[in-house]
Amino acid sequence: MPTMQAMVADRYGPPEVLALREVPRPEPKAGEILVCVRAASVIMGDCELRSFTLPAFIWLPVRLMFGITRPRNGILGQELAGDVVAVGEGVTRFKVGDAVFGSTGFGLGAYAEHATLAANGPVAVKPDALSYEEAAALSIGGSNALHFLVGQAKVQAGERVLINGAGGSIGSAAVQLAVHLGAEVTAVDATEKLAKLTEIGAAHVIDYRKADYTQRGEVYDVIFDLVAHGSFTGALRSLTPNGRYLLGNPRFWRMMRAIWTTRTSGRQVRFAFASETADDFAELARLAEAGALRPLIDRTFDLKDLADAHRYVESGAKTGNVAVRVAGEAR
């Protein structure tokens, strides 16, 4: 049976639970492609699944989905880029040799030399303009930015958009997308991240440690809030009368307030989670080729150093994305 190297977590816990092991290589089923993974990424969601530090209201259903006593699939990772090395029965969208990027979603499995993806799912041909590391980091940040700013808020040219928590993978993609849409963007994050956010197009930056954007008297057409515990009331006060407040990292009571606020005022509060589709990923590829989206890569780690990558992401110090160099060889 063909094998591969993969980082495996056989229990929930700190980064040290990740171990490099030889495991069976997957084979593509009907409708699937087998990808030789060149690069993956580490997002906060990967760290939360590994340690299982999740909000109480979703803890039990997620635990049932991913494994009660230990991870059902110990190979974590949700974003990848690589080369198609085999296709399953009925696949016509991709062929062997295609360079692709995609999301494994709840199936996980990106922290390995090979992974399977549904050919009609969230996967697309890798833009020539991006490296494998950049392409791997495009999926979740890009698809969430697209979902919230285009699908939910329908941002228009000339509107004022504030992104709270702009220095992360979703936030940095949202800054670029909002700029591409013609918005005037204000980015809120820590001091050390602001210069990079200005480089990618933010017209204004606010250091959240020194100023509270809700107390400045400024109003915005759209506020995209990626901070779980920001001031809900303050954000509403900072919206125009028909403004849109987007909750990218909602907690239960904020979702309840969102429903009530939308029903009782002219302001819209949205928290619907992104659904990743083939069309979304085709649009992300188009935007990348056009130069509108280029994921920021803060650091790149080798697969064997994945535990260090998780520690770095958990520190909150990253700007943009953390990539993982896998460089698996077909065998």
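Labels on offer are (i) 19.8, 64; (ii) 23.4, 92; (iii) 18.8, 60, and the one holding Rg and Dmax of the Cα atoms in Å computed from this structure is (i). Once the C-beta distance of GLU22 and ALA272 is scaled by a Förster radius of 45 Å, the resulting FRET efficiency is 0.65 to the nearest 0.05. The alpha-carbon of LYS210 sits under 21 angstrom from the alpha-carbons of these lysines, leaving out residues fewer than 8 places away in its chain: LYS193, LYS196, LYS318. Going from the fewest other Cβ atoms within 10 Å to the most, the residues ARG263, ARG21 appear in the order ARG263, ARG21.
Counting only alpha carbon atoms, the long axis of helix 278-289 and the longest principal axis of the chain meet at about 80°.
Quick one: order LYS318, LYS196 by neighbouring beta-carbon count within 10 Å, fewest to most.
LYS196, LYS318
Dividing the radius of gyration of the alpha carbons in region 141-270 by their Kirkwood radius gives 0.93 for Rg/Rh. Residues HIS229, HIS147, HIS310, HIS204, arranged from fewest to most other Cβ atoms within 10 angstrom of their Cβ, appear as HIS229, HIS204, HIS147, HIS310. Since only GLY141, PHE273, PRO2 are under comparison, the one whose Cα sits farthest along the positive direction of the charge dipole of the chain, derived from C-beta charges on Lys, Arg, Asp and Glu, is PHE273.
Put +1 on the Cβ of every Lys and Arg and -1 on every Asp and Glu Cβ in the chain; which of PRO15, LEU246, SER315 then has its Cα farthest towards the positive end of the dipole? Final value for the positive-end residue is LEU246. Considering only the Cα atoms of region 117-218, their convex hull presents on average a projected area of 7.6 nm².
Read-outs: derived from the displayed coordinates by stated rules, not from any lab. Note that the coordinates shown come from a computational prediction; the quantities given were computed from them, not determined experimentally. Glycine also receives a Cβ, built like all others from the backbone with ideal geometry; neighbour counts cover every protein chain displayed.
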